[in-house]
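Only one structure is covered here, and it is reproduced in the block below.
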Amino acid sequence: MRISTVTMFDSGLSSMNSQQAKLMHVDQQLASGRRVVNPSDDPQAASRAVNVSQSMAVSQQYADARISAGNALAQEESVLNSVSDGIASAKTLIIQASNDTLSDADRASVATELKGIYENMLGLANSSNGNGTYLFGGYKDDAPPFIKDANGNVDYQGHDKVRKQQVDASRQMPVGDSGSTIFESVHSGASYVSTAGANNGNVTFTGPTRVDAAAAGYGDEYTISFADNGGTLEYTVTNTTTGNTVPGHTGEAYTSGASLEFAGLSITLEGTPAAGDEISMAKAKDQSIFSTLESAIAALDAPAETPADKAARRNTLSTVSRELDNSLDNVLTVRASVGARLNELDVLDSVGSNRSVNYESTLSDLVDLDYGRAITDYKIRQVGLQAAQKVFTEIQGMSLFDRL
């Protein structure tokens, strides 16, 4: 068999190219810090690495969503804090205005302060995040949710449902609350509220207060009506839910300052009612904060010259005070919900962070380079390349003509 010069040259060149390619591959590994530079290096590891990388990208998207949701909820919590402060200030002013020693001018001054709180509350209800999105508009967050109509009444124009954000694989979190939930609602455990109609007497009420929520009839609506029976004032308590009078409180003689207890409730009546006067008692229903403040402002601005007018004002302020209590409880309940969601985001962040660390560890095990081994391989490839070059040089110098 004859070995031509061309064959020897091709063989030596091929050997050098092979060693050069292997050296360059190790060089790429060292430069990139990755064991799997090309999918062909380890097809199985490369495939798994793609899946892990996609999972890491999804996890990062959830992390970004949690940041966005956290910012929105933190801004809402700040506004709700101001709202609760405003309601508490209004309640203080109502208590101050209930003092009988104040003059009509003094009460008008209190009404002016309440108007300031009212306007501030309206501004808070129409708060935006600075990007033109209103916090309490629900789905309809591109316009102010609370608008004054032609009569000066505030109406909610937003949507009752709120947007949700996917903050984890199995969790969609509301990133806000509708304005109707905050400013026009009361929570399920709200107290009873009493109201007096257009009475002619000067009877006033304090309460009602809850004595026993488990008592029969608790939760129903009641009306206390007054009648003149031969010169004797009598009262009757009627369960307006069932239409029946309450035993022990039907046609009973009225005494100013007496506390009436029935159906787990207690209410104190003072003053002298006129025949036909009524006082209603019912579980708190959804009540707009703005309507409550409007009632208080109107009562304080109107002069009270007769005992009946003064009693009506005092009853209105008592009703407003109870409604403000219920509104404050509702706002604090919503704030608690916002705080719970912020805490949940912290927990999800912690879980997501641990998950990302696991993904990074798995990805590192699949494709990252063992530098010690790679450097050893690099040295070996260098020696191999040098040997191939040396052999090629030696073969290049061999010729039959040297033997002639």
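The values are calculated or read from the model by the stated rules, or taken from the named source; none is laboratory data. In this text, all values refer to a predicted model and were calculated from it rather than measured experimentally. Don't worry about glycine lacking a Cβ; one is built from the backbone with ideal geometry, like all the others, and counts go over all protein chains shown.
Residue count for the range 189-232 under the criterion of being β-branched (V, I, T), surrounded by 13 or more Cβ atoms within 10 Å (Cβ to Cβ) and over 30 Å from S82 (Cβ atoms): the result is 6. In the set (1) surrounded by fewer than 18 Cβ atoms within 10 Å (Cβ to Cβ); (2) assigned to a loop (DSSP other than H, G, I, E, B); (3) touching a residue at least 24 places away in the same chain (Cβ under 8 Å), V186 fails one condition alone, (1). Taken over the range 263-287, the criterion of being more than 23 Å from R210 (Cα to Cα) and crowded, with 18+ Cβ neighbours inside 10 Å is satisfied by P273, D277. Remark: pairs (first residue in the range 42-53, outside the structural domain of S356 (by TED's automatic domain parsing); second residue of a type in the set (S, T, N, Q) and modelled with pLDDT of 70 or more; Cβ separation under 9 Å; 6+ apart in sequence or on different chains) = R48/T362; A49/T362; V52/T362.
Residue-wise test of (1) outside the structural domain of Q172 (by TED's automatic domain parsing); (2) buried (at least 20 other Cβ atoms within 10 Å of the Cβ); (3) under 24 Å from the mean Cα position of the chain (by Cα).
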site	(1), (2), (3)
V58	yes, no, yes
A69	yes, yes, yes
L102	no, no, no
T112	no, no, no
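Only one of the numbered conditions (1) touching a residue at least 40 places away in the same chain (Cβ under 8 Å); (2) part of a helix (DSSP H, G or I); (3) under 26 Å from N200 (Cβ atoms); (4) not polar (S, T, N, Q) is not met by A282, and that is (2).
Looking at A336, A299, A312, can you tell me which residue is surrounded by fewer than 19 Cβ atoms within 10 Å (Cβ to Cβ) and among the aliphatic types (A, V, I, L, M)?
On the way: A299 fails: surrounded by fewer than 19 Cβ atoms within 10 Å (Cβ to Cβ); A312 fails: surrounded by fewer than 19 Cβ atoms within 10 Å (Cβ to Cβ).
Only one candidate qualifies: A336.
Taking the range 226-244 as the range and being within 17 Å of G276 (Cβ to Cβ) and in a strand (DSSP E or B) as the test, the residues that pass are F226, A227, D228, N229, T232, L233, E234, Y235, T236, V237, T238.
Take the conditions (1) part of a loop (DSSP other than H, G, I, E, B); (2) within 19 Å of the chain's Cα centre (by Cα); N202 misses just one of them, which is (2). When the range 172-198 is filtered for residues that are at pLDDT 90 or above, in contact with a helix residue (DSSP H, G or I) (Cβ under 9 Å, 6 or more places away or on another chain) and more than 23 Å from I147 (Cβ to Cβ), the ones remaining, listed by number, are M173, P174, V175, Y192, V193, S194, T195, A196.
So, L260, is that one surrounded by 15 or more Cβ atoms within 10 Å (Cβ to Cβ) and within 44 Å of the chain's Cα centre (by Cα) or not?
Details: surrounded by 15 or more Cβ atoms within 10 Å (Cβ to Cβ): yes; within 44 Å of the chain's Cα centre (by Cα): yes.
Against the criterion (surrounded by 15 or more Cβ atoms within 10 Å (Cβ to Cβ) and within 44 Å of the chain's Cα centre (by Cα)), L260 qualifies.
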